[in-house]
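Some notes on the structure that comes next.
No lab work stands behind these numbers, since they all come straight from the coordinates. All of these numbers come straight from a predicted model, not from anything done at the bench. Using ideal geometry, Cβ is built from the backbone for each residue, glycine included, and neighbour counts are taken over all protein chains shown.
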Amino acid sequence: MIKLNDIVVKFGDFTALHDINVHVKEGEFFTFLGPSGCGKTTTLRTITGFIEPVSGSVVVKDRDITHVPIEDRNIGIVFQSYALFPTMTVYDNIAFGLKIKKMKKPEIDKKVREIARKVDLSDEQLMKAVSQLSGGQQQRVAIARALVTEPAIICMDEPLSNLDAKLRVQLRNELKQMQKEFGITTIYVTHDQEEALTLSDRIAVFNKGYIEQIGTPNEVYNFSKTEFVCNFIGDINRLSGPVVRQMIDAGAELKETWHNYIRLERMHVNVEAQPGQTVVSGTVTRREYYGLYIKYYIDIGCQTVKVIEKNDGVRIYEEGQQVSVVIDPRDVMAYPPGEKGAAS
Amino acid sequence: MTRIEDRKLQPETLLRIVGVAFFAYLFFGFMLLPCLNTLTSIFNTKNAAGERDPLAVIRFFLAGNMSKYVWNSLKLAILLVITVNVVGVSIVLLTEYFDIKGARILRMGYMTTMIYSGVALVTGYMFLYASDGILTTAFKNAFPNMNPTWFSGFNAVLFTMTFACTSNHMLFLRNAIRGIDYNTVEAARNMGARPFKVLWKVVFPTLIPTMFSLTVMTFITGLCAMSAPTLLGYDSINPEIVRLAGSSSADEAFPQARAALLSIILAMFTIILLTVLSAYERKGHYLSVSKTKARLQKQKIDNPVWNVLAHIYAYVLFIIYMTPVVMIIIFSFQTYSAIRMKKLDLQHWTTINYYGQEDYEYLTNRGKYKTRVGSISGVFSNEATLGGIKLSFILSALAAALACVIVVVACNYIFKKRNKKSGVVLEYALLFPWLLPTILICYSYRTYFNSDSVWYVGNHNLYYAQNVRLLIIMAYTVTKLPFSLRMIKASFYSIDEELEDAAKNLGAGGLRTFLKVKLPIILPSVLAVFALNFNALFTEYDMSATFASSYGTSYAMVIQAMCADEGLYGYNVNASGRRCASTVFIMIVSGIILYLVYGVGARDLGERLEARDRRRKRREKIAAMFRKEAV
């Protein structure tokens, strides 16, 4: 569906994107994930045509659109700020693109009302100014405006970042639902790992203008290809030398000189160790209560590790309490030193 | 990075070429060349022997009394900075910071200078305070030993301009004080600071950048003062320039070169001050770092003595601001005899100063009665007054609109080419007139275009006959460009860049994006700038005086003429009354424009739709009531 072939983008002397290669499948929800300034929005803007690459090509449905003007690409965009025209009503905002296509009034009206219904906007809301709508409703207008012209692809640039936490979760689910209903290929930009993991079919993790890894949420989270991805996605413990040595002594196939990481939920407190697992004892120094789970900071002598335990309401450990921590070497993700990732 | 652009020669590209040509024409033709001509004319003087003597006028300046005008202007500017800041800061604090009873009414009084300014204000003050003025006459009757000429020369100019020049304080300092995060005040109080300590140590420092800008602008206003010194009789630079510009070398030594030299001196002062201002602005401002800014709450003055004194001070200022306005409104309905006697005649009220004509019978020095037909006439019946108002209205509206259009188009280009040299060059070109005093530009126009050899205006003499109106429009427009640019550029910053991208993505071209998306967003600001420009130009005096001619008699000049020959030989009998009426008319026009722009125009689409809804509901309610009654 969309192919980015060896895309290079430069801003003066600074290279913002280095040989980006991505292949997005038809109907896929594909996410560009990464920290600020990593090149994810630049890649999106290259696809939409706001930025022309120095080299490489953008191919959509086997058509090279690298040098096609923005308005002729048939790609819808939902902007971070929604970019709704403040001097127009909701109706006029949605109809804007159709009017430019010089469609007839009845046809415009039909299409606007149809899409409004699909994104759950009432007739009354259509006649309102965008400033009279809530954040969530504004987002729906932005989606409707992007979809009404029936684009082949829809691109979303951090569309949930302006909303409060609760609404973000709610709209995240609606967004996924809508994407499924419309079946439209979606490219989504975010720096929020949770958003990326919950929404995406596949994720491309960006770092300093390079793609570190492309994979499903499970691949990216549990089988992080590079140390950067492993560190960027979710919270993680880097195991110190003495712990790794203890695990090697117990038969684990780890290298002490490598950087060894383990996710918080893969370690367990006060459980019986299985063969091959390593047990270290420590003291709870801090406890963070999240409701669904509890995060413990446990001093194991050579370092403090963070462990997440499901909150069952029974096994809750107090600060200062002596506990044992069980680590399974198969859960350790190891990376050779000096190879931080694609960007290094 | 390269942006994808259509490389074909489209209408937009053609428009861009036309635009560049227009701006080049405007800058070189109406800013640079006339002013350069003035500059060079200083060095084109000839001595008594008819030989070219480039330094003659400078020697004349150093030897003669020309420097007196410079010192007088400087004296006025320096003292004005002190008095305007004292009054300006006082009125803002009294209405916005301290809890003073009746602050709303006080604010309205202090803001009257926004609709009542320029020559109308000066003549209004003269009407009250001149030696034969209403209030001076009343005071003289009460205190016979009082000096009746107290309101003349420097004192009168300083007094009038002090109260006339506080509009900027009410606009900008008020906004600055409203922008203060109240949490900072509370924090200071919490740490034990007393109210005046908070004012001095927390509030004032945040106002310093605005105060500095206002101080510089006030200094320049004082330096370039024109209507007050001319009408109240004070020898400062600008009136002297106008006098010299109209003089001939048969009467005095190289008047034009002297006028040019004085203009250049003014320009030098202006350039220095604006350089200082921009250097200061570059240092940065005190910005509130608060993400949850609390709205400023008015501070109670706990000490009862200070509280009473503050209230007295506030209301004394209010009286000073309001008296001319109220008196002018009242006397606009008084008969010419009441005005001439400087006494309020509660028995006889009239609308003749507004509308209608009456004959005037007077006794000649030969002991005969004579009748002047239609010698008493209202604003809307007096051809000269109405003509002045009409001319000023048309010229001001055209120039204000032209300045806005030019600046809007320019700003669109500047923002597109923000990081390119062409954008910066255009911006500086439009700010160029700010470096020059208005009088220099007008004087330059008057001398440069008073010839039929300027090829780029079709070899027409623009100072001749009706052409002078075109010259006035150009001068009005050019002088309003820098202000318009600063204000409208600020509104362009409020346009979310993603809006342009969104429109482009939906298929809109540059022109359509500008007309349908960007322009509606900035329109309230553009209209506000138009209104402010219009109001300032409508009663403007400096340029009118420079271009004064039978075809360029604007409202300000009509008012000045009315002051001069009231009742002479039975003519213009009710000139003062008509002047009051015309001032009232202008206050109403200015007030309506400001209300439409700030009150109605500033509402966003949501507020307008809500208001429409409210109106519809009200109509339905009334209709329902009628239906009920009918049943």
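Please report the spacing between the Cα centers of region B:530-544 and region A:269-315 in Å, no decimals.
After rounding, the separation between the Cα centres reads 76 Å.
Using r as the Cβ-Cβ distance of residue B:330 and residue B:618, and R0 as 41 Å, what FRET efficiency do you calculate, to the nearest 0.05?
0.70
Roughly how tilted is helix A:135-147, in degrees to the nearest 10 and between 0 and 90, from the longest Cα axis of chain A?
60 degrees
At 222 nm, what value in deg cm²/dmol follows for chain A if DSSP H runs of at least 4 each add -39500 (n - 2.57) and the sum is divided by all its residues, to the nearest 500?
Per the formula, -8000 deg cm²/dmol.
Restricting attention to region B:12-112, which trypsin sites (Lys or Arg not before Pro) occupy a DSSP loop and are surrounded by at most 16 other Cβ atoms within 10 Å?
B:101
For region B:449-513, what is the charge dipole size about the Cα centre, in debye to the nearest 20, if Lys and Arg each add +1 at the Cβ and Asp and Glu each add -1 at the Cβ?
So the dipole magnitude of region B:449-513 works out to roughly 320 debye.
For region A:236-335, what does the alpha-carbon gyration tensor say about shape, rounded, prolate or oblate, given a ≥ b ≥ c as the root eigenvalues, a/c under 1.5 as rounded, and a/b over b/c as prolate?
prolate
So how far apart, in nm, are the two label points at residue A:270 and residue B:608 if each is 7 Å from Cα heading toward Cβ?
6.7 nm
Could you check the spin-label model distance between residue A:21 and residue B:145? Points 7 Å from the Cα along Cα→Cβ, value in nm.
Once both label points are built, they end up 10.4 nm from each other.
Using just the Cα positions, wrap the protein assembly as shown in a convex hull and report its mean projected area in square nanometres, one decimal place.
Here the figure is 60.2 nm², rounded to one decimal.
Suppose each label sits 7 Å from its Cα in the direction of the beta carbon; what would the residue A:57-residue B:422 distance come out to in nanometres?
3.2 nm
Could you pull out the pairs from B:480/B:516; A:40/B:504; A:105/A:128; B:197/B:298; B:68/B:480; A:61/A:110 whose alpha carbons sit more than 24 Å apart here?
Violating the 24 Å Cα-Cα cut-off are B:480/B:516; B:68/B:480; A:61/A:110.
List the chymotrypsin sites (Phe, Trp or Tyr not before Pro) within region B:354-413 that fall in a DSSP loop (any state other than H, G, I, E or B) and whose Cβ has at most 14 other Cβ atoms within 10 Å.
Here the sparse-neighbourhood loop sites are B:355.
By the gyration tensor of its Cα atoms, with a ≥ b ≥ c the square roots of the eigenvalues, what is the shape of region A:47-206: rounded for a/c under 1.5, prolate for a/b over b/c, or oblate?
It is oblate, given that a/c is not under 1.5 and a/b is not larger than b/c.
Using +1 on the beta carbon of Lys and Arg, -1 on that of Asp and Glu, and nothing else charged, what's the dipole of the protein assembly as shown about the Cα centre, debye to 20?
In debye, rounded to 20, the protein assembly as shown gives about 2460.
Once you order the gyration tensor axes a ≥ b ≥ c over the Cα atoms, which shape class does chain B get: rounded for a/c under 1.5, otherwise prolate or oblate by comparing a/b with b/c?
Cα axes put chain B in the rounded bin.
Take the Cα coordinates of region B:385-600, assign each an equal point scatterer, and use the Debye formula without solvent to give log10 I(q)/I(0) at q = 0.08, 0.09, 0.12, 0.13 Å⁻¹.
Relative scattering, expressed as log10 I(q)/I(0), comes to -0.36, -0.45, -0.74, -0.84.
Pairs of Cα atoms under 8 Å, at least six residues apart: use those to get the relative contact order of region A:218-344, whole percent.
32 percent
Specify the longest stretch of chain B that does not include any exposed loop site, a site being one of the GluC sites (Glu not before Pro) with a non-H, G, I, E, B DSSP assignment and at most 13 other Cβ atoms within 10 Å.
B:253-631
Radius of gyration and Dmax for chain A's Cα atoms, expressed in Å?
24.2, 77
Between region A:114-161 and region A:196-255, what is the C-alpha centre distance in whole Å?
One Cα centre to the other: 37 Å.
Between residue B:175 and residue B:320, how high is the FRET efficiency from 1/(1 + (r/R0)^6) when r is the Cβ-Cβ distance and R₀ = 35 Å? Nearest 0.05.
0.90
Please express the shape of region B:205-260 as an equivalent ellipsoid: the semi-axes are the square roots of 5 times the eigenvalues of the C-alpha gyration tensor, given largest first in whole angstrom.
Largest first, region B:205-260 gives 34, 12, 6 Å.
Could you name the lysines whose alpha carbon sits less than 28 Å from that of residue B:628, not counting residues in the same chain fewer than 8 places away?
Here the lysines satisfying the reach criterion relative to residue B:628 are B:617.
Say we join alpha carbon atoms closer than 10 Å with springs in a Gaussian network model of chain A; which of A:271, A:189, A:205 then has the biggest fluctuation?
Between A:271, A:189, A:205, it is A:271 that shows the largest mean-square fluctuation.
Can you give me the convex hull volume of the Cα atoms of region B:96-203, divided per residue and expressed in Å³?
Convex hull volume per residue, Cα atoms: 155 Å³.
Check the straight Cα-Cα distances from residue A:180 and name the aspartates and glutamates below 16 Å, setting aside those fewer than 8 residues away within the same chain.
Straight-line reach from residue A:180, under 16 Å: A:26, A:28, A:120, A:150, A:201.
Size of the dipole of chain B about the Cα centre, Lys and Arg at +1 and Asp and Glu at -1 on the beta carbon, nothing else charged, in debye to 20?
1820 debye
Please sort by residue number the chymotrypsin sites (Phe, Trp or Tyr not before Pro) in region B:527-631 whose DSSP state is loop and whose Cβ has at most 16 other Cβ atoms within 10 Å.
Sparse-neighbourhood loop chymotrypsin sites (Phe, Trp or Tyr not before Pro): B:551, B:571.
Take the alpha carbon atoms of region B:386-464, find their center, do the same for region B:569-631, and report the distance between the two centers in whole angstrom.
The two parts, judged by their Cα centres, are 33 Å apart.
Taking θ as phi - 60°, what are the ³J(HN,Hα) couplings along region A:313-328 by the Karplus curve (6.51, -1.76, 1.60), each to the nearest whole Hz, with x for Gly and Pro?
x, 10, 8, 10, 9, 8, 5, x, 6, 7, 9, 10, 10, 9, 10, 9
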